[in-house]
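Student: Have a look at this one.
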Amino acid sequence: MPVNTNQYHSIISQLNPQKVQLIAVSKTKPNEDIIELYDLGQRAFGENYVQELVDKAASLPKDIQWHFIGHLQSNKVKYIAPFVHLIHGVDSEKLLQEINKQAIKQNRIIDCLLQVHIATEETKFGFDADSIDEFIQSGRLAQYPNIQIKGLMGMASFSEDTNLLTKEFTTLKQIFDQAAIQLGNQFTILSMGMSGDYPLAISLGSNMVRIGSLLFGARNYSK
Ligand SMILES: *Cc1c(COP(=O)(O)O)cnc(C)c1O
């Protein structure tokens with residue numbers, strides 16, 4: 001399926017006036033599709049799988065900003081640590097420890113978002129609301145000097161129920177506002193909203209959306 005460039009222009013024209021950043025989610029999609037959006041000016045792309053990301057980053061233009069948005073296993077951090085722009089799905093202190101360790105090895109500060117579990121579904125990863133609050137208040141983040149926590153990320157339920165989604169996004173925005181008091185100036189990113197729910201997410205305070213299928217077409221995992 002070809003890249004939907006009309007959709008791209010339409011999304012960008014909705015997002016720009018609201019200062020919302022688009023992450024084009026290119027997982028499972030070929031390099032040609034990424035280049036098509038790159039040629040239109042898109043630089044931020046999101047990937048979920050470490051090996052796929054490493055392969056793409058090696059062969060695509062070096063000024064692409066790669067966002068890791070999937071579930072990251074500690075033993076794979078080392079592969080993306082040299083170049084990743086932002087890790088969205090940080091969901092445990094064990095993972096923070098490992099990212100910090102690899103960031104030190106690379107002599108970099110790695111930007112991260114903490115993932116908060118907001119969906120009622122059980123399958124989604126993340127800190128729950130109470131534990132993230134406790135963690136941020138505890139000051140333990142100071143143990144990870146090579147990590148900069150830039151904000152929060154969340155995924156709403158896979159549902160068409162607007163009331164439910166509104167409730168979940170609102171919860172995340174409240175946690176974000178609370179954490180911002182503690183974490184200060186660098187804490188600015190609220191990554192929420194995907195193809196199916198991004199207008200609602202933006203209306204409830206998102207400033208970074210992760211959009212895949214609207215741009216690149218439905219994904220085919222079977223090949
Ligand atoms: C795949 C994925 C997206 C994009 O989903 P679409 O519905 O195709 O826009 C966004 N965020 C995360 C974490 C994803 O895994």
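The values are calculated or read from the model by the stated rules, or taken from the named source; none is laboratory data. Being a predicted model, the structure only gives us computed values, none of them experimental. As a convention, Cβ positions derive from the backbone with ideal geometry for all residues, glycine included, and neighbour counts pool all protein chains shown.
Student: Within region 140-181, can you find the residues that are over 20 Å from the mean Cα position of the chain (by Cα) and loosely packed, with under 13 Cβ neighbours inside 10 Å?
Tutor: R140, A142, Q143, P145, E160, D161, T162, N163, I181
Student: Still on this structure: Suppose the filter is modelled with pLDDT under 95 and within 22 Å of G193 (Cα to Cα); does V25 pass it?
Tutor: On the way: modelled with pLDDT under 95: no; within 22 Å of G193 (Cα to Cα): yes.
Spelling it out, it is not the case that V25 is modelled with pLDDT under 95 and within 22 Å of G193 (Cα to Cα).
Student: Next question. Being touching a Gly at 6+ places or on another chain (Cβ under 9 Å) and over 23 Å from G212 (Cβ atoms) narrows it down to one residue among F169, F187, F158; which is it?
Tutor: Only one candidate passes the filter, namely F187.
Student: Got at least one residue in region 163-186 being of a type in the set (S, T, N, Q), out of contact with any Pro (no Cβ under 8 Å at 6 or more places or on another chain) and under 24 Å from W66 (Cα atoms)?
Tutor: For region 163-186, residues of a type in the set (S, T, N, Q), out of contact with any Pro (no Cβ under 8 Å at 6 or more places or on another chain) and under 24 Å from W66 (Cα atoms): present.
Student: Still on this structure, I have one more. Which condition from (1) surrounded by 14 or more Cβ atoms within 10 Å (Cβ to Cβ); (2) in contact (Cβ under 8 Å) with a residue 60 or more places away in the chain; (3) among the aromatic types (F, W, Y) is the one that Y221 breaks?
Tutor: Exception for Y221: condition (1).
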